[in-house]
1. Check cross-link reach from Lys302 to the lysines: straight Cα distance under 19 Å, and skip same-chain residues fewer than eight apart.
2. Check which residues have an amide H placed less than 5 Å from Gln247's amide H, if you skip close sequence neighbours.
3. Can you pull a Stokes-Einstein diffusion coefficient for the stretch 205-270 at 25 °C (0.890 mPa s), Rh from Kirkwood over Cα pairs, as a whole number of µm²/s?
4. Calculate one ³J(HN,Hα) per residue across the stretch 311-319 by plugging θ = phi - 60° into the Karplus curve 6.51 cos²θ - 1.76 cosθ + 1.60, and present them in order as whole Hz with x for glycine and proline.
5. With every protein chain kept in place and ligands, DNA and RNA left out, what is the accessible area per residue of the stretch 258-374? Probe 1.4 Å, answer in Å².
6. Calculated from DSSP H runs of 4 or more alone, at -39500 (n - 2.57) each and per residue, what is the 222 nm mean residue ellipticity of the chain, nearest 500?
7. Counting only Cα, what are the radius of gyration and maximum Cα-Cα distance Dmax of the stretch 55-173, in Å?
8. Binning every alpha carbon pair distance of the chain at 20 Å from zero, what are the percents per bin?
Amino acid sequence: MKRILSLLAVVFISQASVAFAAVIEDWTGVAGGNTGTYQDSTGSKIDFVVDAGPKGGQKALKLTANKVASGYCGVYHTTTLDLSKSGSFKFMAKSTVAGDIQMAIVDAFNVQYVVKFPITTAWAEVNVPFATFIKDPYYTPPTAIAGHPLDLSKCQNLNFSPQMDGASVVLIGPVESAGTASPAASAGTAASSTAASSASAAVPSGPGAAILDCTGLDSKAAGTFQDSKGSSFTFAVKDNPSKKGKQYLTITYDLQQGGYCGMWCRAGGSDWKGADLSSAKIIYVTLYSKAPVILGLALKDKGNNQYVASTPATKGGKWETVAVPLDSFALDPYYTPPDAIKGAPKDFSKVTTFNIQPKTEGKFTVAVESIVGK
């Protein structure tokens, strides 16, 4: 059984076309051997057939579901696709009940990634950027090879899971690959290859907004969190012997498979005024790790909503700087701060806190010299 539960919604509905599109699934080849259903054991049900599509002659995957509260159900479709040169999925979709649909894919390393997209009661175009997919926190295929960025050179599944409670009928039209892969895509979210995603970035000259300030960093300005599966995370501030008067952050963690761990930290200077990232386009992280790692970042904005993204994979073995586009940060699907203004637009003019959450499983020590927005 393929269990898929959550989570992320950072896609958009649009009538605009993209630069390049090619049909990768027209639903004419759906059969019992390559398509099936999954559901909870608490009463949710789902079935599928191939039905008429949004345009004459087209086909659509029709999902008839009845999801109980806090339950899950969905349809998986096995396939083999090379999406490494594309930037997103594009398709038409509609539902008898407006809400969210979760989409899941399995990459070349057999790791499952998920995203949510909104759906309406009329046919509308949906564009799902590969940059919005995150590693599924609830299901890891038994054959998954951990510790790699998302590799779309061999996409093996297209799964759809209605998130609306109660009865619904969902239609998914032919799926296209659209756009082009971004060379600045974040590993673990939209990297087309390990080589492309692990390239170091040069920090541009000029003023920027400091996000990490190690000065006076103590238990009142930072803290840790971890799961109950055995993951652990500790940090310390150390003097930088090569830069007199400067300090850096050292992180030692052990991330168990399917688990989580990390730290929260005051953003900006030695007070709680926060960092102003309203003019920044990219966050640059300068760090050292002996082996390649991927770090997750979270920013709490002016509306107290939390947004997340992942760094590219480091090369390892030297100090290097990786770049994370600010527009790649998406609303955190796992955590909503209690003081968040729900529905408020993203506003990075005042970032009060940020999180560092490792994505590479295993035991690692990482040193972080600076995190700055420019």
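The values are calculated or read from the model by the stated rules, or taken from the named source; none is laboratory data. Here the structure is a predicted model, which is why all the values come from computation and not from measurement. Cβ coordinates were reconstructed from backbone atoms using ideal geometry, including for glycine residues, and neighbour counts include every protein chain displayed. Surface areas here come from the heavy atoms of the whole protein model, side chains and all, with no ligands, DNA or RNA. Shrake-Rupley method; radii C 1.70, N 1.55, O 1.52, S 1.80 Å.
1. Partners within reach: Lys273, Lys281, Lys342, Lys346, Lys350, Lys374.
2. Distant-sequence amide H within range of Gln247: Asn240.
3. On the way: Rh = 13.5 Å.
The Stokes-Einstein estimate is 182 µm²/s.
4. Result, rounded to whole Hz: 6, x, 5, 6, 7, x, x, 6, 5.
5. Numbers: 4810 Å² over 117 residues.
Using a 1.4 Å probe on heavy atoms only, each residue of the stretch 258-374 averages 41 Å².
6. Result for the chain, helices only: 0 deg cm²/dmol.
7. 14.5, 44
8. 29, 56, 15, 0
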